[in-house]
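The values are calculated or read from the model by the stated rules, or taken from the named source; none is laboratory data. Everything numeric in this text was worked out from a predicted model, so none of it was measured. Here the Cβ is made from the backbone with ideal geometry for all residues, glycine too, and neighbour counts use every protein chain on show.
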């Protein structure tokens, strides 16, 4: 008799975690690279990146910082445009 392991819970497709994973996948596609190449460059295991790319495990801040450095983009690029905080204008900064 074989036992079947339950699938891990995934966040709902409209959750921020799922949207971040989608943004990471989109960046990889735009850069014409693969998750396997990225994981090799960052020293991540196949299972580590796979769980994050498929949404099983959310990307954490350190993951996003490493990806941002690798691709030379701001971390905010991994968030959907509708979830990004507005950028402060230089004129909005108090210069006292």
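Tally time: how many residues in the stretch 24-37 are over 22 Å from residue 14 (Cβ atoms) and loosely packed, with under 14 Cβ neighbours inside 10 Å?
6
I'd like to verify a number: residues in the stretch 66-83 that are modelled with pLDDT of 95 or more, surrounded by 13 or more Cβ atoms within 10 Å (Cβ to Cβ) and assigned to a helix (DSSP H, G or I), how many?
The total comes to 5.
Across the stretch 38-64, what is the total count of residues that are part of a helix (DSSP H, G or I) and surrounded by 13 or more Cβ atoms within 10 Å (Cβ to Cβ)?
Summing the residues that are part of a helix (DSSP H, G or I) and surrounded by 13 or more Cβ atoms within 10 Å (Cβ to Cβ) in the stretch 38-64 gives 11.
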